[in-house]
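In what follows, a structure is listed as structure tokens, so that the remarks can point back to it.
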Amino acid sequence: MINLYDGGVYLVNGEEIVPDGADAAAELKAKTGKDIRKDHAAKGTIAYRILEEHNTSGNMGKLKIKFDKLTSHDITFVGIIQTARASGLEKFPVPYVLTNCHNSLCAVGGTINEDDHMFGLTCAKKYGGVYVPPHQAVIHQYAREMLAGGGRMILGSDSHTRYGALGTMAMGEGGPELVKQLLNQTYDINMPEVVGVYLTGEPVKGVGPQDVALAIIGAVFGNGYVKNKVMEFVGPGVASLSADFRIGIDVMTTETTCLSSIWKTDGEIEEFYEIHGRKEEYKELNPEDVAYYDGMIVVDLGSIQPMIAMPFHPSNTYTIEELNANLEDILEDVEKRAAVSLDGAVNLALKDKVRNGKFYVDQGIIAGCAGGGFENICAAADILKGSYIGSDGFTLSVYPASMPVYMELIKNGCAAALMETGAVLKTAFCGPCFGAGDTPANHAFSIRHSTRNFPNREGSKLQNGQISSVALMDARSIAATSANKGVLTPATDFDGNIGKYKYHFDSNIYANRVFDSKGIADPSVEIQFGPNIKDWPKMCELPENLVLQVVSEIHDPVTTTDELIPSGETSSYRSNPLGLAEFTLSRKDPAYVGRAKNIQEAQTAVMEGKCPLEAKPELRPVMESIQKMYPEAGEGNVGFGSTIFAVKPGDGSAREQAASCQKVLGGWANIASEYATKRYRSNLVNWGMLPFTIEGDDKQLPFKNLDYLFLPDIRKAVEEKADHIRAYTVGGEGMKEFVLSLGELTDEERQIILKGCLINYNRVS
């Protein structure tokens, strides 16, 4: 089904794979008649050429990227613009689209959501941006329809910013990286490795893009095969896929932890641009005659079967057939994993869903940037036609990804066909993906064609004793299951016809509703604020020495950003830094906020010119131990704050709040065995937090929760680019030394940390 090459490979004429090795040079000479150098062939990828065209450093090893366009949604754009305003923003220097698809439902927090929407509209007018009102389109569908272009690069403040199928290299990052672009700064990374994804064959009837995506995720997530790399889709199988099918695979590449994605393009993609009235944006993209890839994933599309990603991660994959054949064993394994992930707080009981040897689910949802595409919904309608979902507990909701898609579904009859079955059609909204809509009943099991199935991401509250769970599936198998009234069923069991529908894009829907400044700023516009929109609190520079208290210790294999700052209704406070911070780690470690605030009182005293030891007398023995070895450490040169330890934090969302909420509560650092994603580490840096790593067994750390740590001369270590950072555990038996590492940081990143955060680095006095 899927094979991974152990090392690098050469791709000849886009078709033939030659593994790198002792015989590679001779084989390449025989095929091409030329002597092929690896460094030259590495420049033959599509990814290399696009990055080269957008790099401003003149050094392809150290990239400084300027993006063509930016996009954000209503969980992130307020904080981004507030940060940029504090740094002197006068005009958006590139097209910047503000969509309203994450907090479209104004049902929580009073006027908060609509206040943020009006903030976005007035900022689009003032600074020269584009404003997409609620219910018009989810962020990524609007970008596909109106922003993408061949050879372009787009940066978005959402982790699923992926438009590679359309020939656009797109990246999802935390808000501060967009702030840098708004201030005419650059996105700085080392040249990423490029991994080929070589597609062959074509999918069988009933198999959809989510099936292919989940199969790939299951093969590469655990081993880190594409972590922080670019996935480049090539091979003869690409031609067998429609544009919508490619888009559906592409958006899910985020769940592999890759940096970005890009695909070869052809007539299918040219037609996509033509349908959307933007034919001039099409560009044919292919690798050079010989291209070198740092790895290769070979996918036989014809062998992919309907897939399911069981709780609580998109990589926990099985074929639906395999699950149905081994229900007891697989469900027991999922329950055991859940006990670890949920820290035993509640009991996830899935075996109760098995009745007469069949697995019954409670809810189906087809939605968002992954599931809400035109072809997915048309296929679901065909599979469900003539059936009904029943009048018991099972429900089915369908969210077309944009109003133009919804309009076409109405015109071609698919919307009516779905509604006749008992399904409910709703407007473009990302809520089912992050717990802001369609939260299942307690202990219910939901199958969703959406992007993630992390713990409690569907909206249940662990701290209130609630638990429901989500499995990811393709729209086709969700429809087949719905037709069987909730009995888990692969779409390959459907023996009817799945049609191919022509799509017609109605541009008037956007022309009549979306505000587009055409890049013209109007400084006279007054920004409309709401009472929940608050400025960032004052943050100080990195002190000479640091005393940190470990206030949370997490030993899960991976910690998601949803566990660091829960999504769902908590995001109503996204524009209020201190208000949102109250929810930090609330589902994973409810004691975190109180502990962080407790040690923060010492730093508050320092900033107010008071004695921190008087504010926090419990620090006296800590400072006495420190001063025995470092007598110069004391008034005026010591800062206080908190840190957390997590084995592998940062998988999932690009939301900067996963870091900023720690920062506004006095966080100065994270300590990790490794970071799950580049974007989370970047968020830490941009909020002035030290992204430490520590070697060794996470069960034998040199510190434990609530211990105090001392980092002498930390400011000097950052300034002098020290590879290793000396640290001490401070206890009743004195000081015990251990070593931390900061990893590679650019000069700009070091300055941001030294200044205390990106706002301070850019602040206009």
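Read-outs throughout are calculated quantities, based only on the coordinates presented, and are distinct from any laboratory measurement. These numbers were taken from a predicted model, which means no experiment stands behind them. Because the Cβ atoms are built from the backbone with ideal geometry, glycine has one as well, and the counts that use them run over all protein chains shown.
Things worth noting here:
- Rounded to the nearest 10 degrees, the inclination of helix 620-629 to the longest alpha-carbon principal axis of the chain is 80 degrees.
- Square roots of 5 times each gyration tensor eigenvalue, C-alpha, segment 168-243, largest first, Å: 30, 15, 13
- Pairs with C-alpha atoms separated by more than 27 Å, drawn from the list Lys66/Lys588; Lys91/Lys538; Lys69/Lys426; Lys31/Lys678; Lys461/Lys648, are Lys66/Lys588; Lys69/Lys426; Lys31/Lys678.
- Cross-link pairs beyond the 29 Å C-alpha cut-off, checked among Lys264/Lys502; Lys29/Lys279; Lys411/Lys518: Lys29/Lys279; Lys411/Lys518
- Candidate aspartates and glutamates - alpha carbon under 15 Å from Lys125, same-chain residues fewer than 8 apart omitted: Glu90, Asp116, Asp516, Asp522, Glu526
- Listed by chain and number, the lysines placed with their C-alpha closer than 20 angstrom to that of Lys353 are Lys336, Lys485; residues fewer than eight positions away on the same chain are left out.
- Per-peptide packing, taken as the mean over residues of other Cβ atoms within 10 Å, places 439-449, 138-148 in the sequence 138-148, 439-449 from highest down.
- Equivalent-ellipsoid semi-axes for segment 614-655 (Cα gyration tensor, √(5λ), whole Å, largest first): 32, 12, 11.
- Peptides 621-632, 512-523, 42-53, 64-75 ordered by average Cβ neighbours within 10 Å, highest first: 64-75, 42-53, 621-632, 512-523
- For the chain, with +1 on Lys and Arg beta carbons and -1 on Asp and Glu, the positive-most of Ala213, Ile599, Val514 along the dipole: Val514
- Cα gyration tensor, segment 65-188 - rounded (a/c under 1.5), prolate or oblate: oblate
- Farthest positive-ward along the chain dipole, Cα basis, beta-carbon charges - from Asn456, Leu285, Gln627: Gln627
- Relative to the longest principal axis of the Cα atoms of the chain, the long axis of helix 209-220 lies at roughly 40 degrees.
- Karplus-derived 3J(HN,Hα) values for segment 580-588, using 6.51 cos²θ - 1.76 cosθ + 1.60 with θ = phi - 60°, are 5, 4, 4, 9, 4, 6, 5, 8, 9 Hz; glycine and proline are entered as x.
- Listed by chain and number, the lysines placed with their C-alpha closer than 18 angstrom to that of Lys34 are Lys43; residues fewer than eight positions away on the same chain are left out.
- Cβ-Cβ FRET estimate between Glu719 and Glu526, R0 fixed at 60 Å, reported to 0.05: 0.90
- Three-way shape call for segment 563-608 based on the alpha-carbon gyration tensor, with the a/c threshold at 1.5: oblate
- Overall form of segment 282-416: oblate. Here a/c, set by the Cα gyration tensor axes a ≥ b ≥ c, is 1.5 or more, and a/b is not larger than b/c.
- Signed unit charges on C-beta, dipole axis of segment 307-508, positive-most listed residue His504, Gly368, Ala483: His504
- If the chain linking Lys43 and Glu15 were pulled fully straight, counting 0.36 nm for each residue of separation and taking away their Cα-Cα distance, it would gain 8.3 nm.
- Note on segment 545-762: Kirkwood hydrodynamic radius from all Cα pairs is 17.4 Å, rounded to one decimal.
- For the chain, the fraction of C-alpha pairs more than 33 angstrom apart is 51%.
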